[in-house]
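This report concerns only the one structure given below.
The values are calculated or read from the model by the stated rules, or taken from the named source; none is laboratory data. What you see is a predicted model, and the numbers here were worked out from it, not measured in a lab. Cβ placement follows ideal geometry from the backbone for every residue including glycine, while neighbour counts extend to all protein chains displayed. Remember, those area values only see protein heavy atoms, side chains included, never the ligands or the DNA or RNA. Shrake-Rupley method; radii C 1.70, N 1.55, O 1.52, S 1.80 Å.
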Amino acid sequence: YGVEPLSFYVKNLALNFNVVAFLGVAGLPLLMMKMLTQRVLHGQTGVESDRLKILVLIPMYIWLGIVLPRPHKEERFLFPIYPMLCFGAAIAVEEMICGLSYITSKIGSSSKKQGFSNGTRLLLGAVVLAPCAIVSISRSAALYYNYSAPLTLYGHLFTHMTASSVVKSERTIYVCTAGEWYRYPSSFFLPPNTQLGFLKSSFTGQLPQPFTAMGSKKDSLAIQTGLFNDVNKEEMDRYIDIEECSYVVELVPSVVSDNTADRPECIQYMDSSSRSWNLTASYDYLDAESTPTLHRTLYLPFGREGKVTQSGYNLYAKSDVI
């Protein structure tokens, strides 16, 4: 898994940086075009600051040359170039405004031979970047309102458990999930005597397991009980039985099928359990398949009614631990 086409990175950059991403990539070509024009038309070799800008930007293109051809693609692989991308976008905007100022000075009247004033340049820069800022704010709001349910739910779980007597138990308390394991944020959301438990799901790769008391030290290898492999094959020792779970986390669509096989995996496990389960908390999580692309991508306070569909990010507790 994780093998994606090149468009995966294009979409990610467009989502995270919108126009700024494309301006950032265009920064170096525009800068070199200006230096080439100065050499051809005026015999100038460029100023020292331009050469320093090139040195700052070149690592971004080297990094892209390394990660783009690799079949396995992840958004985090682009994190190292984010600062250079913003720097390149600033250069692109500056060079476009300078180029426009130069053209205006050549074709304008004698009163405009000096090109744009500093105030005009700042105004043009704001005109270019203000829409980018608005789209970025809308994107950030969309991530919060549409996809923050896992963080909110696990925060609620921590508060719920610490306020109850369950944390006083000497046995290990398991918070279980199946296909939602990859949205689990961090063990910092669980009390000390609590662990994340995996229920068998449709995912057939290798799942993680908790650190030992030795953490990431080499000594941990001597006491590590779980099996690992370097080919991402499923290890069955990761799974526990639903009867061992005290809490269950599952994403439940707005419409649940009557067909048992089509129901969420954790719902099927709880239905087969000998104990009864109660819904403790539920938070809205955007149903991407039933929501138009525009509302999945950006937060638009208008027009959401009837277009945005929410699933329930649910926390269930076994009846004897509430």
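Compute the semi-axes of the equivalent ellipsoid of the chain, taking the square root of 5 times each eigenvalue of the Cα gyration tensor, and list them largest first in whole Å. It would help to have the intermediate numbers written out before the result.
Values: eigenvalues 548, 122, 59 Å².
Over the Cα atoms of the chain, the semi-axes work out to 52, 25, 17 Å.
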Completion exercise
From the cross-link list LYS11/LYS53; LYS73/LYS233; LYS218/LYS318; LYS11/LYS318; LYS168/LYS200; LYS53/LYS106, the entries with a Cα-Cα span beyond 31 Å are LYS218/LYS318; LYS11/LYS318
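So what is the accessible area of the chain per residue, in Å², with the probe set to 1.4 Å?
Values: 18910 Å² over 322 residues.
I get 59 Å² per residue for this part.
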Practice task
In whole angstrom, note down how far apart the Cα centers of region 247-322 and region 44-86 are.
Solution key: 41 Å
Problem - Bridge type composition, region 113-257 - antiparallel percent by DSSP, nearest 5 - result: 10 percent
Fill in the blank from the handout: Per the beta carbon screen (other Cys under 4.7 Å), unpartnered cysteines of the chain come out as CYS86, CYS98, CYS132, CYS266
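Rounded to the nearest 500 deg cm²/dmol, what is the calculated helix-only ellipticity per residue at 222 nm for the chain, with -39500 (n - 2.57) per DSSP H run of length n ≥ 4? Could you put the intermediate results ahead of the total?
Values: 9 runs with 143 residues, N = 322.
Value at 222 nm, helices only: -14500 deg cm²/dmol.
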Fill in the blank from the handout: Judged on accessible area alone, 1.4 Å probe, highest first, ASP287, ASP258 line up as ASP258, ASP287
Practice task
Count the net charge of all other residues whose Cβ sits under 14 Å from the Cβ of PHE17, scoring Lys and Arg as +1 and Asp and Glu as -1.
Solution key: +1
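How large is Rg over Rh for region 275-316, taking Rg from the Cα atoms and Rh as the Kirkwood inverse mean of 1/r across Cα pairs? Walk me through the numbers on the way to the answer.
Values: Rg = 13.4 Å, Rh = 11.7 Å.
Result for region 275-316 is an Rg/Rh of 1.14.
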Fill in the blank from the handout: Relative to the chain, whose Cα atoms define the longest principal axis, helix 48-67 and its Cα axis are tilted in degrees, nearest 10, by 40 degrees
Handout entry: Under 20 Å from LYS34, Cα to Cα: aspartates and glutamates that are on another chain or at least 8 residues apart
Key = GLU48, ASP50, GLU94, GLU95
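Which percentage, to the nearest 5, of the DSSP beta bridges contained in the chain is antiparallel?
Values: 17 of 27 bridges.
If I count the DSSP bridges inside the chain, around 65 percent turn out antiparallel.
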Fill in the blank from the handout: Rounded to a whole %, the carbon-and-sulfur portion of the accessible area of the chain at a 1.4 Å probe is 62 percent
Handout entry: Solvent-accessible surface (1.4 angstrom probe) belonging to MET96, in square angstrom, nearest 10
Key = 90 Å²
